[in-house]
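Here's the structure, in structure tokens; my notes come after.
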Amino acid sequence: MFQYVPPELLPHLADLSPYILVVLKKGPRYHDDNAIEIIQSQHLPYVFKQREEGLVILTFRVMDDTELAAIAIYDTPSQHEVKEWMEEDPAVKANIFVYEIVSGVGMKGDALV
């Protein structure tokens, strides 16, 4: 798999772990009058509960003027599991956000500082 990687880097790549990346995009009801209320009073508590349970290891709100709203990285290799969690998100249910799920790998211990 890593036939061109310098040998001194191979030990670092041995710790790759599977994760799921969720890309939240602005949905058809993102600009509705009650969208901010739903995001703040229902979506954020839902996300913070997932963080407390160790399901989400990183959340990142997109601040640029783009169709993207946020990203999240889930500590699981299961797209099916994450899809179930996303379908229960109050802002997704309200069509404020739509999402895309992407599988990937990352090095354990990476962190934002």
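Could you tally the net charge around LEU24, taking each other residue with its Cβ under 11 Å from the Cβ of LEU24, Lys/Arg +1 and Asp/Glu -1?
In short, 0.
Can you figure out the FRET efficiency of LEU68 with GLU8, using R₀ = 41 Å and their beta-carbon distance, to the nearest 0.05?
Efficiency for this residue pair is about 0.70.
Please list, by residue number, every one of the GluC sites (Glu not before Pro) in the range 20-113 that is coil in DSSP and has at most 15 other beta-carbon atoms within 10 Å.
In loop regions of the range 20-113 (DSSP not H, G, I, E or B), the sparsely surrounded GluC sites (Glu not before Pro) are GLU53, GLU67, GLU88.
Which residues in the range 17-44 have a backbone N closer than 16 Å to a point placed 7 Å from the Cα of SER103 along the Cα-to-Cβ line?
Answer for this model: 17-22.
Which of the peptides 72-80, 56-64 is most tightly packed, and how do the rest follow, judged by the mean count of other Cβ atoms within 10 Å per residue?
Numbers: 72-80: 15.9, 56-64: 13.3.
The packing order, highest mean first, is 72-80, 56-64.
Points 7 angstrom from Cα along the Cβ direction at ASP110 and PHE48: gap in nanometres?
Between ASP110 and PHE48, the simple spin-label model gives 2.7 nm.
How much net charge surrounds THR66 when only other residues with a Cβ under 10 Å from its Cβ are counted (Lys, Arg +1; Asp, Glu -1)?
So the environment of THR66 carries a net charge of -1.
Let me check I've understood the local charge: for TRP85, count other residues with C-beta under 13 angstrom from its C-beta, Lys and Arg +1, Asp and Glu -1. What total comes out?
Overall, the nearby charge balance is -3.
Laboratory data are not the source of any read-out in this text; all were calculated from the coordinates shown. A quick note: this is a predicted structure, and the numbers were derived from the prediction, not measured. Methodologically, a virtual Cβ is constructed for each residue, glycine included, from the backbone with ideal geometry; neighbour enumeration extends over all protein chains shown.
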